[in-house]
Amino acid sequence: MSASNAETHTPSGCKANATSSGATLVEAEVAIVGAGLVGSSLALLLAEAGMRVALLESRKALVDKASLSAHPLPRVSALTPVSQRLLAGLGAWPGERATPYRAMQVWDAQGSGEIAFSADEAGLTVLGHIVENDVTQAALHARLATHSNVTLLLGARLSALQTSAKGYWLVLEDGRQVHASLTVAADGARSTLRSLAGIDVHEEPMEQEAVVTTVRCTHAHGNTARQAFVGGSPLAFLPLTVEEDDHYCSIVWSTTQAHADALASATPEALGKMLEEGIGGRLGKVSVCDGVHRFPLVQRHARRYALANLVLVGDAAHSIHPLAGQGVNLGLMDAAVLAEEVVSAWRRGAPWGALATLSRFERRRRFDNAAMLTMMKGFKRLFATTNPALTLARNLGMGGMHQLAPLKRVIMRQAAGERGRLPPSCR
Ligand SMILES: Cc1cc2nc3c(=O)[nH]c(=O)nc-3n(C[C@H](O)[C@H](O)[C@H](O)COP(=O)(O)OP(=O)(O)OC[C@H]3O[C@@H](n4cnc5c(N)ncnc54)[C@H](O)[C@@H]3O)c2cc1C
């Protein structure tokens with residue numbers, strides 16, 4: 001579906017009126033700002049349960065499956081089996097373009113440390129899937145575009161947030177206004193709504209940038225995700241199968257700014273060579289088949305997720321180093337847990353935007369998110385060190401862990417998202 005700027009799609013779900021000045025007023029039970037992977041999933045979870053949802057997105061059009069290039073798209077995510085179950089339950093699992101990975105290899109390019117994981121060892125069918133973000137996004141947007149409980153406001157640019165007796169008014173630059181008892185910020189790491197609500201965030205620059213591109217290798221990827229730590233910089237080769245060709249990989253190299261400059265300014269041939277050396281030649285000759293995209297890395301954690309009638313989810317609440325591919329997965333779990341708490345309150349006739357309801361969500365999610373943020377910081381520091389004692393410990397640690405099947409099984413199940421009490425939508 002495509003839509004023009006400042007378009008409001010109001011199916012039967014929400015009440016939409018016009019003021020005397022002609023501005024659209026939308027009344028919903030929940031207003032979500034941001035139709036990324038997290039906001040879109042949350043909107044569908046709530047709408048499927050019967051709630052009336054207004055979804056505001058600054059982009060002027062939804063992502064349309066028909067307009068996606070057949071060529072691999074640059075932004076991908078490693079989605080856990082738990083995230084897969086959530087998306088499949090919403091009818092938005094992009095099956096045909098999701099590449100399963102059944103093994104994972106992580107090694108220290110500066111030493112002998114190496115650890116390998118396989119789905120079989122953990123009693124899982126797959127460890128996860130690599131999926132192009134826009135492919136998942138298109139599947140979610142296709143479901144949202146036709147959902148009778150969802151009002152979509154595209155080209156939505158927030159200008160003000162005003163409290164009301166029962167929640168918040170969201171005022172858009174073009175005059176449209178949305179009212180809801182619960183307003184959700186799903187507008188990403190630099191959330192405008194979080195700032196308008198005055199929620200402070202703890203920020204920690206990672207002194208690294210992620211350099212992203214797509215390559216084709218002479219060796220097949222073998223459905224294995226690989227990550228080498230090259231001088232403290234994690235270099236990931238994530239398997240992508242494109243039209244049955246299993247020689248593609250999506251690259252994420254998180255590295256210093258100077259090194260990112262060097263990678264970005266290299267010719268495709270020179271960059272291919274650098275990647276081939278970085279991965280120790282394990283996939284043969286590497287040919288770059290896309291431009292280079294760069295993302296500055298900053299870890300952020302909001303000091304609180306919830307106020308009365310307002311809550312943060314996904315990257316608006318926490319953004320994390322991509323070395324373990326957990327950002328979207330944590331955000332999808334936020335969406336699932338928030339939907340469980342909100343729908344349960346709504347069905348009981350209790351105020352679903354009440355601080356007590358939202359605090360229950362925060363208590364269930366903050367610890368998991370904080371633990372993952374701390375772990376990523378620790379990994380980054382451990383692999384960045386040049387201290388010989390720590391380098392030795394790191395290599396011995398990886399080697400030792402490789403021998404410990406029960407410990408590996410626990411790590412794999414945790415990385416697959418099987419942690420704590422899962423909401424029904426993820427079981
Ligand atoms: C290089 C890299 C690799 C990564 N790899 C992985 C991985 O393998 N696995 C994984 O789980 N995670 C990964 N991540 C993290 C992941 O991309 C993010 O965690 C995820 O995209 C966050 O989703 P979100 O929906 O919360 O936010 P976003 O994706 O940022 O979506 C926010 C949405 O809100 C909209 N918006 C923004 N501002 C406004 C506004 N004011 N009004 C209305 N709409 C607005 C935006 O247009 C967008 O649609 C990676 C990140 C990077 C940088």
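The values are calculated or read from the model by the stated rules, or taken from the named source; none is laboratory data. As the structure is a computational prediction, the values presented were derived from the model and not from experiment. Cβ atoms come from the backbone with ideal geometry, glycine included; neighbour counts cover every protein chain shown. Ligands, DNA and RNA are stripped out before the accessible areas are found, and what is left, the full protein with its side chains, is counted by its heavy atoms. Shrake-Rupley method; radii C 1.70, N 1.55, O 1.52, S 1.80 Å.
A few comments on the model shown:
- FRET efficiency, 1/(1 + (r/R0)^6) with R0 56 Å, evaluated for Arg157 and Glu121 via beta carbons: 0.70
- Between 0 and 90 degrees, the angle of helix 327-348 with respect to the longest Cα principal axis of the chain falls at about 30 degrees.
- When only alpha carbons are used to place a centre, segment 237-282 and segment 132-189 end up 36 Å from one another.
- Residues Lys377, Lys166, Lys273, ordered by accessible area of protein heavy atoms at a 1.4 angstrom probe radius and largest first, appear as Lys166, Lys273, Lys377.
- Nearest 10 degrees, 0 to 90: helix 133-145 Cα axis against the chain principal axis: 20 degrees
- Loop-resident sites, segment 119-218, for GluC sites (Glu not before Pro), counting at most 13 other Cβ within 10 Å (DSSP): Glu173
- Ser112/Arg347 FRET efficiency (R0 60 Å; Cβ-Cβ; nearest 0.05): 0.60
- Area accessible to solvent at His219, 1.4 Å probe radius, in Å²: 90 Å²
- 18 Å reach of a label modelled at Ala370, 7 Å along Cα-to-Cβ, counting backbone N of segment 294-313: 299-307, 312-313
- Surface/4 of the Cα convex hull for segment 243-310, nm²: 8.2 nm²
- Cross-link partners of Lys408 among lysines (Cα-Cα below 29 Å; sequence separation of 8 or more within a chain): Lys377, Lys380
- When both bridge partners sit in the chain, DSSP labels roughly 70% of those beta bridges antiparallel.
- Between the helical axis of 37-48 and the longest alpha-carbon principal axis of the chain there is an angle of about 50 degrees.
- Here r is the Cβ-Cβ distance between Ala354 and Asp261 and R0 is 56 Å; the resulting FRET efficiency, rounded to 0.05, is 0.65.
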